[in-house]
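The values are calculated or read from the model by the stated rules, or taken from the named source; none is laboratory data. Predicted model, so just to flag it, every value in this text is computed and none were measured. Because the Cβ atoms are built from the backbone with ideal geometry, glycine has one as well, and the counts that use them run over all protein chains shown. Accessible surface areas use protein heavy atoms only, side chains included; no ligands, DNA or RNA. Shrake-Rupley method; radii C 1.70, N 1.55, O 1.52, S 1.80 Å.
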Amino acid sequence: MSSSPYSDEDRKVDFNPLLLASGNRKSAFLPYKPTNTVLTNLQRGNTEASIPSEICLNFHEKTGQGEITEEQVRAEKSVDLPDSNQYTPLHWACYYGQLSSAQILINCGADVNRQAIDMVTPLVLAAAGGHHEIVRLLLQKGATVNHMDVIGNTALMYAAAGNHPHTCNELLNKGANFTDTNEDGETAYSLAVKQQANLSQAVLENYISTLLMS
């Protein structure tokens, strides 16, 4: 899926939201941590001879690449088949911003509230990546907007800290609670300020101002 010049994906910062908690409590946030692998090379458009002529990706990886069809999904043992970290294909689609894959999986019955390791849901991954169209889809299909992960972070906190204003708007419009706090007592707004996420900070300020004036 290509992103427009004004999409949240283009505003990403080097930020791993599941490392916000103080101390040693950290989480395996990434369903797939890129290294020098076939999948990473494909993402970079690398077609050097060192890559095998026949590349075999598993179903989760194909989902992350946006290379699945409804027929392939229905041929799988389960639409919510987890990987070693309990991430389902929908988690992968949401992390990599593959809207078409997410739509196909949901149409085939994927659980939009399925929790992987550390209580991570597809919405958390989509929000953290600024994939606001996927966030909108998940919310339309019943994703729990104020779900908290193992350290108490919500999708809005991830979107705010990652400086994803469109994603913040999608979440706020569907009832995201901007006063929720995580284990460190941080809110979406305080995280935006701490991360110097000016765009999402402005969205939250405008939202709060509107509430106060209504």
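Against the test of being among the hydrophobic types (A, V, I, L, M, F, W, C) and either assigned to a loop (DSSP other than H, G, I, E, B) or open to solvent by 10 Å² or more (accessible area, probe 1.4 Å) (or both), the options A110, A102 yield a single qualifying residue, A110.
Among the residues making up segment 113-136, those that are more than 12 Å from the chain's Cα centre (by Cα) and of a type in the set (A, V, I, L, M, F, W, C) are A116, I117, M119.
Of all residues in segment 153-188, those being among the small types (G, A, S) and in contact (Cβ under 8 Å) with a residue 40 or more places away in the chain number 4.
Suppose we filter A143, A110, A75 for residues that are farther than 29 Å from S190 by Cβ, of a type in the set (G, A, S) and in contact with a Leu (Cβ under 9 Å, 6 or more places away or on another chain); which single one remains?
One residue alone meets the criteria, A110.
Residues in segment 115-141 that are more than 20 Å from E170 (Cα to Cα) and either at pLDDT 95 or above or part of a helix (DSSP H, G or I) (or both): 4 in all.
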